[in-house]
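The structure appears below as structure tokens.
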Amino acid sequence: MTSSAETPAETAGQGSAQSADQAEGTARPIRANSVLPARRTPLALETADGLTLVGEVAQPLDRAPTATLVCVHPLPTHGGMMDSHIYRKAAYRLPALAGLAVVRFNTRGTRSVQGVSEGEFDGGSAERFDVAAALEYAEFADLPRIWLVGWSFGSDLVLMHGCDPEVEGAILLSPSLRFSRPEHLALWADSGKPLTALVPEFDDYLRPAEARERFAAVPQAEVIGIDGGKHLWVGDAERILDEIVARVAPEVGPLPTTWTGPMEYADASAYADRTVAAFADVPVPGDLTSEG
């Protein structure tokens, strides 16, 4: 895999950030589109089956990262992408606030403001090459303590293809268990690697009580029900980022809600066509009746 030259440290990417006018030293609230300083590098990930995937790594500006998040996005046929809001906010905030490296990428055939990955959606099968390419990048870049974070469809990809020797653990957001099977859970059970599932109270596919039953196959799995949460985590980003950091970098503690250093603001209007309403009539792939 290859990567292009680094972008300026305070840039959100693709010219989407706007500078804040307030002077440094003044505590300002961290808002949905606040972009904190980081070293941001565009990536071109090469898969074993010959595709090039668009990605980005964001690292702390003034220190080495203490751990790494490799983020696997929701279903691309329904708007999922590397820029889905939880992952944007992770890349915008966690290098500065928690000392983490954040790797994001578009799986095959997925487009976002960052660009379009080659190939076509394959329902979770050929995406194994995509997950492998991202992990290979993190390993060869000597990024420390690799954790996978999968959201919805991405959680299935993590379960199916992410139990790699170099992976320390995994965090699943809104896991649906619609593409993965019992044998994938068994693999994680045998590995002993930490596995945390953050399950919304009002999820569309898998709610906390059923999730606890299904993940009982993985003795070390931690299932956390999020009161009031929904599948897309709208309004819950801060809680989710806190839960992620609590497992990957517990020494950091709850993330601050204000920032005194440089801050920019990203333009979220580019994602106006990725709303739930925009995909309301698109069939959702996957086995709705699967018990695995």
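Every number in this text was worked out from the coordinates using simple rules, so none of it is lab data. Not measured: the values here are computed from a predicted model. Glycine also receives a Cβ, built like all others from the backbone with ideal geometry; neighbour counts cover every protein chain displayed.
Just a few scattered comments:
- Spatial separation of Cα centroids for segment 231-254 and segment 22-72, in angstrom: 16
- Using 0.36 nm per residue and subtracting the Cα-Cα separation, the extra length available between F121 and R28 on full extension is 29.4 nm.
- Charge context of D204, other residues only, Cβ under 13 angstrom, K/R +1, D/E -1: 0
- Placed amide H near D122: partners under 5 Å, 5+ positions off or other chain: E127
- 3J(HN,Hα) from dihedral phi, segment 146-158, Karplus parametrisation 6.51/-1.76/1.60, rounded to Hz, x for glycine, proline: 7, 10, 8, 10, x, 10, 6, 3, x, 5, 5, 4, 4
- Amide hydrogen neighbours beyond the local backbone of V223, cut-off 5 Å, H modeled: A197
- Packing here is the average count of other Cβ atoms within 10 Å per residue, and on that basis the peptides 83-92, 130-139, highest first, run 83-92, 130-139.
- Applying the Karplus relation 6.51 cos²θ - 1.76 cosθ + 1.60 with θ = phi - 60° to segment 226-233 yields 3J(HN,Hα) values of 9, 4, x, x, 10, 3, 8, 6 Hz, where x marks Gly and Pro.
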